[in-house]
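Notes for the one structure printed next.
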Amino acid sequence: MFLKGKTALVTGSTSGIGAAYARALAGAGAAVMINGFGEADAIEQQCAALAQASGAPALHDPADMTRPEMIEAMVARCHGELGGPDIVINNAGIQHVAPVADFPTDKWDAIIAINLTSAFHVMRASVPLMRAAGWGRIISTASAHSLVASPNKSGYVAAKHGLVGLTKTVALETATDGITVNCISPGYVWTSLVENQIPDTMKARGLTRDQVINDVLLSAQPTKKFVTPDQVAAFALFLCREEAASITGANLSMDGGWTTA
Ligand code: NAD
């Protein structure tokens with residue numbers, strides 16, 4: 001329970017990797033504000049489970065990560081109702097798979113807004129609060145696609161590369177403030193984000209579902225295994241420890257060896 005008394009805000013945490021971050025942080029005693037879309041009943045149950053695990057309150061904020069004013073209001077609400085935020089995890093993300101000439105401009109705009117610009121707005125609102133507290137942890141879920149490209153993912157690859165640049169810059173600006181700022185860059189993690197891109201990848205590359213899983217997704221990972229959401233969350237939890245106070249401005253790979261090849 002090393003995070004007792006601390007508050008964590010996790011964007012895009014109603015499913016997948018974000019939900020695993022929220023579970024891990026609550027398991028360590030943090031009050032958690034989750035965010036993202038989903039059924040009201042499921043979100044209520046998720047908050048109840050988090051509060052039970054942490055012994056602290058857990059709230060959901062419905063801010064749409066394409067809307068700067070909602071993001072600012074979410075951080076202010078977290079500060080007002082839960083305290084902090086001491087830890088923020090920029091995790092909300094979407095994907096769209098298409099060659100650049102056919103890439104819908106609205107999908108490009110949404111990917112840049114949700115996967116990159118929302119992290120700027122969260123950091124912009126949170127850094128002054130962390131500075132005042134003299135402690136903070138900012139973690140963003142980037143991706144192996146922050147280091148290398150794949151065809152048909154121009155929006156996603158551009159956003160994730162940008163997220164690393166934002167992280168490095170804010171790490172330097174906060175280096176003497178007790179705040180660390182890092183990215184975790186997973187390879188393929190089996191979540192709805194990956195499952196949903198299979199049909200478009202089948203179409204774009206003329207492949208079957210099994211071929212996409214084995215010859216496109218897992219072929220990138222020398223371990224031939226998907227990363228799990230709980231592995232990513234355990235790594236984030238380590239970054240919240242005092243032992244991790246010197247890790248800042250880093251883009252930390254967790255990709256089964258993908259980007260070493
Ligand atoms: P997911 O689809 O399971 O979760 C995405 C979350 O973001 C959900 O809670 C969803 O409601 C939320 N979200 C989407 N649009 C939003 C918006 N406009 N406003 C607020 N919330 C919004 O996907 P995931 O795989 O868990 O992805 C989480 C993060 O991990 C993303 O940033 C993704 O790019 C990154 N990532 C995923 C993988 C992978 O293989 N799954 C690999 C590397 C990085």
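The values are calculated or read from the model by the stated rules, or taken from the named source; none is laboratory data. This one's a predicted model, so the numbers in the text were calculated from it and none came from an experiment. Using ideal geometry, Cβ is built from the backbone for each residue, glycine included, and neighbour counts are taken over all protein chains shown. These area figures cover heavy atoms from the full protein model, side chains too; ligands, DNA and RNA do not enter into them. Shrake-Rupley method; radii C 1.70, N 1.55, O 1.52, S 1.80 Å.
A few remarks follow.
Each row is one residue, and each column tells you yes or no for (1) at pLDDT below 95; (2) more than 16 Å from the chain's Cα centre (by Cα); (3) open to solvent by 10 Å² or more (accessible area, probe 1.4 Å); (4) farther than 22 Å from Ile114 by Cα.
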site	(1), (2), (3), (4)
Ala26	no, yes, no, yes
Met33	no, no, no, no
Phe37	no, no, yes, no
Gln45	no, yes, yes, yes
Ala58	no, yes, yes, yes
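- Taking helices (runs of 4 or more DSSP H) as the structural unit, those lying wholly within segment 1-91 and holding at least 2 residues that are without any contact (Cβ under 8 Å) to a residue 24 or more places away in the chain and either more than 21 Å from Cys240 (Cα to Cα) or in contact with a Cys (Cβ under 8 Å, 6 or more places away or on another chain) (or both) correspond to 40-54, 68-81.
- Checking each residue in segment 92-115 for being over 30 Å from Pro57 (Cβ atoms) and not in a loop (DSSP other than H, G, I, E, B) picks out Val100, Ala101, Asp102, Thr105, Asp106, Lys107, Trp108, Asp109, Ala110, Ile111, Ile112.
Rundown of residues vs (1) more than 16 Å from the ligand (Cβ to nearest atom); (2) of a type in the set (D, E, K, R), yes/no style:
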site	(1), (2)
His96	no, no
Asn115	no, no
Ala119	no, no
Val122	no, no
Leu129	yes, no
Ile138	no, no
Lys153	no, yes
Ala158	no, no
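Table: residues versus (1) open to solvent by less than 10 Å² (accessible area, probe 1.4 Å); (2) of a type in the set (Asp, Glu); (3) more than 30 Å from Val212 (Cα to Cα).
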site	(1), (2), (3)
Asp109	no, yes, no
Val127	no, no, yes
Arg137	yes, no, yes
Gly162	no, no, no
Val194	yes, no, no
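- Matching residues, segment 140-151, being out of contact with any His (no Cβ under 9 Å at 6 or more places or on another chain) and either more than 14 Å from the ligand (Cβ to nearest atom) or outside any loop (DSSP other than H, G, I, E, B) (or both): Ser140, Thr141, Ala144, Pro151
- Segment 1-15: number of residues that are open to solvent by 10 Å² or more (accessible area, probe 1.4 Å) and either within 21 Å of Met70 (Cβ to Cβ) or among the basic types (Lys, Arg) (or both): 5
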